2 protein chains.
Amino acid sequence: MKVQSRKPFEAIVGTENIKYSQAQLLAYSYDATANFQAKPDLVLSPRNSEEISEIVKICAKEQIPLVSRGSGTNLAAGTVPSQGGIILLFNKMNRILELDENNLTITVQPGVITQDINAYVEQKGLFYPPDPSSMKISTIGGNVSENSGGLRGLKYGVTKDYVRALTFVLPDGEIMKVGGKLAKDVAGYDLLSLLVGSEGTLGIITEITLKLIPLPASKMTGVAYFNSLEDAAKTVSAIISQKIIPATLEFMDKGTINAVEDFMSMGLPREAEAMLLMEQDGDPEQVERDIQQMIAIAKMEGATSTALASSIEEAELLKAGRRAALSALARKRPTTILEDATVPRSEIAKMVRAIQEIAEKYKVQINTFGHAGDGNLHPTCLTDVRDAEEMHRVEQAFEEIFLAAIELGGTITGEHGVGEMKAPYLEWKIGKSGIELMKHIKQSIDPGNIMNPGKVFAKETKMRLVIRGGH
Amino acid sequence: MKVQSRKPFEAIVGTENIKYSQAQLLAYSYDATANFQAKPDLVLSPRNSEEISEIVKICAKEQIPLVSRGSGTNLAAGTVPSQGGIILLFNKMNRILELDENNLTITVQPGVITQDINAYVEQKGLFYPPDPSSMKISTIGGNVSENSGGLRGLKYGVTKDYVRALTFVLPDGEIMKVGGKLAKDVAGYDLLSLLVGSEGTLGIITEITLKLIPLPASKMTGVAYFNSLEDAAKTVSAIISQKIIPATLEFMDKGTINAVEDFMSMGLPREAEAMLLMEQDGDPEQVERDIQQMIAIAKMEGATSTALASSIEEAELLKAGRRAALSALARKRPTTILEDATVPRSEIAKMVRAIQEIAEKYKVQINTFGHAGDGNLHPTCLTDVRDAEEMHRVEQAFEEIFLAAIELGGTITGEHGVGEMKAPYLEWKIGKSGIELMKHIKQSIDPGNIMNPGKVFAKETKMRLVIRGGH
């Protein structure tokens, strides 16, 4: 249903927290995903759980879709209001509520920028490890809704590993709290984990308590360049089988290296086929030992050159280069499509090779970078949405990439979420019965389907047109 | 419904894998929980997922309850077949299937004893951290179904933090697989976390893939004794606020210390009011530094004596003493009731004091030990089920203990599960809407209610008769 009157909503949030001009609605009609757009009827900035509860109650009665939106960095069209309705913003719910140094938790509102949490707790010698590449602009509410990953996933896990308690508004408007400042809690089903990563389809998160850990005493950063993808992949495997779990182990292919070099002029070797960026954190002795051993392993596996960052500035520059990969690539052509096919760590070389072959087959430009340590790759296609014929080939290529990932024991999305874009492919990963089970859960919690409708579940599963094998 | 004929089940599992004599049924009529008993109709030992699927299909048609049982160490009557039906044993599904050293995973059948997994991977320099006190006899299938904790929960988390993939049989007999050897996977709702800790009420787990980490290079164990509970609790808080996260930080009160000393004659000081057992693992330099610092903190907070284990044997003896706490207490009287009220770490002193006051109020004998580092306490009542009047007081005391835990921001169960015993109290923790939400999920997945019926959800929530406050 469409919003019939903005008046009741204006009464709840106040005139200063409602947007409805065409220009404003257009501004919230898209997120960071290419080629998806739909205008909402209204954009609201509620100030607390109670206001959200009031809004939800009206929406439940009038069957108005509700889409929660942080900073709109979603890469799977998860925050596009594809069926209209109301966009909820969290710019008025962006406070850090409590740092509990006894229980090592921080409680925040969903609108806090993730990096602000990291910076805030680091001042106190504490550490919130999840670090999605978008952390400078993305909100913690978005991170929780998407179960965001990041560069430190291998060693420290992902967002869900740090969520201890949530307050959320159910689709009937009830305000509920799950979890607590508890390391152990098995009182019933794990609703906390169900909500994390549910992409706004089960309720609206209004308060978040996160687990913190002590800040590692030191860190060191190294880099290795390779003549072949296989050597880089073998290095990753060898590091892990030497029982080293680095804080980050990032990969960039030749195209990405060159794009970053074009963008930042850091002095990266343009002829290298692959680059590994390695970071370890922890106690100084262990960090030094691990990083030296990783460099030695890289050399043994055929690295053409290696280097240790000699200062914090140098280390930050290297990491900034990796974090800029997407922006650097995005400058090359009008449209950038960033994917996150993920495979078991042992299959990285095969997956990168498969991506290259698929790109050649469909004559599209795909560069790959990503989190080598946890098998979470970001094949990134540079294209132009205005060219329908090319876009068709891009779509085919990505379908084949998803299949390749699944065939290698992987998944269609490691950290970006399903949203609207990947919904037609979800069944490829979880099967018909997986879809059924998830739909049962969705229907039982949100029978009116007002919470981010059209996301996660597709009207139709994509036919598997492409036949694969041989990778 | 009752089982009408054992023939179809015998045809599935074979005559050697079915039990139905009265003596056999009696043997599976109870678990480690006092005062709960009910006989099953049949006990089956299926050999694979397909056999379980066949069994489930018959049970779905004939509405026969199915109760999965590992070693029956459950402490909340979770494996008592309270509505009859079939007990599924996993003694024929007890193989380690694969150790994947590239992806640091192990894949096992549910019937493997947890300690066998720990021992097996340690030979390879790898580590499966969850260590429930029952690990010598409990199965990994039981651990996963209960989301078991253990002594290392504070630093390393609990079972759910290590489950990467599950194969399970749905209530309609379908065999489904969720997850993968993936550090990151956000393809749809987190079914994996929903199944872990669901106490056999959503499906039957038939294969488990666990994440492993490198085995820490060294460990050290220390102990501190205190004249007061407060000093021990302050030590716990001070250790954490010094940014040390120990591998274990265990607590025993005076009664437990004395029971262990009666049992093992280890030379524990009988006059001490509290004991803290501390262990750190990791790289040698860091372990040495942390353990020395913890001992120093204990002294500063008023420890009457402290000691460092000077050998592995001495450390093992200290830990054996703590692990024997339950057995040592259980010798004292005919019936032992072990609870696991859990509070935020900062509230431990208040909680232990509340337990003591409640025990005095109801004139029952309750000793407390547990995982101080994660606030997971085990108040243990020594009683006699044959004394109805005393048992009534015990029940009232535990009700008041649950309330005290909830009032302190805690939970009714940290690691034992809800089962049948705590089902009447679940609403106290999660509220009416929490119960409704979980029931919706249960009904949507198991509409016939054949999977461990009568567990987690109670026919009736216990009235809150006791009025608390002041703790």
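The values are calculated or read from the model by the stated rules, or taken from the named source; none is laboratory data. Note that the structure is predicted; figures quoted are calculated from it, not measured. Note: ideal-geometry Cβ built from the backbone for every residue, glycine included; neighbour counts use all protein chains shown. Ligands, DNA and RNA are stripped out before the accessible areas are found, and what is left, the full protein with its side chains, is counted by its heavy atoms. Shrake-Rupley method; radii C 1.70, N 1.55, O 1.52, S 1.80 Å.
Which whole-number percent of Cα pairs in the range B:218-321 have a distance greater than 16 Å?
Result: 52 percent of Cα pairs exceed 16 Å.
How big is the C-alpha Rg of the range B:72-128 next to the rule-of-thumb value 2.2 N^0.38 Å, as a ratio?
Rounded to two decimals, the normalised Rg is 1.45.
At most 12 other C-beta atoms within 10 Å and a DSSP loop state: those are the exposed GluC sites (Glu not before Pro) I care about. Give me the longest piece of chain A that has none.
Numbers: sites that count: A:GLU271, A:GLU460.
The longest such stretch corresponds to A:1-270.
May I ask you to find the residues of the range B:177-217 that are shielded by at least 40 Å² of accessible area once the whole protein assembly is considered instead of their isolated chain (probe 1.4 Å)?
Those residues are B:LEU182, B:ALA183, B:LYS184, B:VAL186, B:ALA187, B:GLY188, B:TYR189, B:ASP190, B:LEU191, B:SER193, B:LEU194, B:PRO214.
Over the C-alpha atoms of chain A, what are the Rg and the largest Cα-to-Cα span, Dmax, in Å?
Calculated on Cα positions, Rg and Dmax stand at 22.4, 69 Å.
How big is the charge dipole of the protein assembly as shown about its Cα centre, in debye rounded to the nearest 20, if each Lys and Arg gets +1 on its Cβ and each Asp and Glu gets -1 on its Cβ?
1580 debye
I need the shape label for the range A:364-471. Rule: rounded when a/c is under 1.5, else prolate if a/b > b/c, else oblate, with a, b, c from the alpha carbon gyration tensor.
Judged from the Cα gyration tensor, the range A:364-471 comes out prolate (a/c at least 1.5, a/b above b/c).
Quick one: P(r) of the range A:108-166 from all Cα-Cα pairs, 10 Å bins, percents rounded to integers, in order of increasing distance.
25, 62, 13
Enumerate by residue number the trypsin sites (Lys or Arg not before Pro) in the range B:56-126 meeting two conditions: DSSP loop (anything except H, G, I, E, B), and at most 15 other Cβ atoms within 10 Å of the site's Cβ.
Of the trypsin sites (Lys or Arg not before Pro), the ones in loops of the range B:56-126 whose Cβ has at most 15 other Cβ atoms within 10 Å are B:ARG95, B:LYS124.
How high is the relative contact order of the range A:7-89, in percent, counting Cα pairs under 8 Å that sit 6 or more residues apart?
37 percent
Taking beta carbons within 10 Å but only from partner chains, what does the mean come to for residues B:441-450? Present the calculation step by step, with values, prior to reporting the outcome.
Working: counts 8, 3, 2, 9, 5, 0, 1, 0, 0, 0.
Neighbouring Cβ atoms belonging to other protein chains average 3 per residue here.
What nm distances, shortest first, do you get from the label point of A:GLU285 to those in the other copies when the point sits 7 angstrom along Cα to Cβ?
0.6
Calculate, axis by axis, the spread of Cα positions in the range A:96-214 along the three principal axes, and write the results as whole Å, longest axis first.
39, 30, 27
Quickly estimate the mean residue ellipticity at 222 nm for chain B, helices only: each DSSP H run with n ≥ 4 gives -39500 (n - 2.57), and the total goes over all residues, rounded to 500. Numbers along the way, then the final one.
Working: 15 runs with 165 residues, N = 471.
Theoretical 222 nm ellipticity from helices: -10500 deg cm²/dmol.
Got the A:LYS363 label distances to the other copies yet, label 7 Å along Cα→Cβ, in nm, shortest first?
9.3
Send over the per residue convex hull volume for the range A:7-89, Cα only, as a whole number of Å³.
Expressed per residue, the convex hull around the Cα atoms of the range A:7-89 is 87 Å³.
How large is the convex hull of the Cα atoms of the protein assembly as shown per residue, expressed in Å³ as a whole number?
165 Å³
With the full set of protein chains in place, find how many percent of the accessible area of chain A is carbon and sulfur; take the probe as 1.4 Å.
It is 50 percent, rounded to a whole number.
Give me the residues in the range A:270-296 whose solvent-accessible area, probe 1.4 Å, is reduced by at least 10 Å² once all protein chains are included instead of the chain isolated.
A:ASP283, A:GLU285, A:GLN286, A:ARG289
List the extent of the Cα atoms of the range B:333-418 along each of their three principal axes, largest first, rounded to whole Å.
Extents along the principal axes: 36, 23, 19 Å.
Averaged per residue, what accessible surface does chain A expose to a 1.4 Å probe, in Å²?
Details: 16760 Å² over 471 residues.
Ligands and nucleic acids excluded, the result is 36 Å² per residue.
Ignoring ligands, DNA and RNA, how much accessible area is buried between chains B and A, both sides summed, with a 1.4 Å probe, to the nearest 100 Å²?
The summed interface area works out to 6200 Å².
Compute accessible area for the range A:89-124 by itself and then with all protein chains, 1.4 Å probe, and report residues whose area falls by 50 Å² or more.
A:ASN102, A:ASN103
Antiparallel DSSP bridges in the range B:7-89: what percent, to the nearest 5?
Bridges in the range B:7-89 are about 20 percent antiparallel.
Tell me the trypsin sites (Lys or Arg not before Pro) within the range A:368-453 that lie in a loop according to DSSP and have at most 13 other beta-carbon atoms within 10 Å.
Those that pass, being in a loop and sparsely packed, are A:ARG386.
What's the extension gain from B:ALA119 to B:ARG6 if we count 0.36 nm per residue and subtract their Cα-Cα distance?
Full extension of this stretch gives 36.8 nm more.
Quick check on chain B: of the DSSP beta bridges with both residues there, what percent are antiparallel, nearest 5%? Mind showing how you got there, number by number?
On the way: 59 of 67 bridges.
Counting DSSP beta bridges with both partners in chain B, the antiparallel share is about 90 percent.
Assuming a ≥ b ≥ c are the square roots of the Cα gyration tensor eigenvalues, decide whether the range A:23-139 counts as rounded (a/c under 1.5), prolate (otherwise, with a/b larger than b/c) or oblate. Present the calculation step by step, with values, prior to reporting the outcome.
Details: a/c = 3.03, a/b = 1.59, b/c = 1.90.
It is oblate, given that a/c is not under 1.5 and a/b is not larger than b/c.
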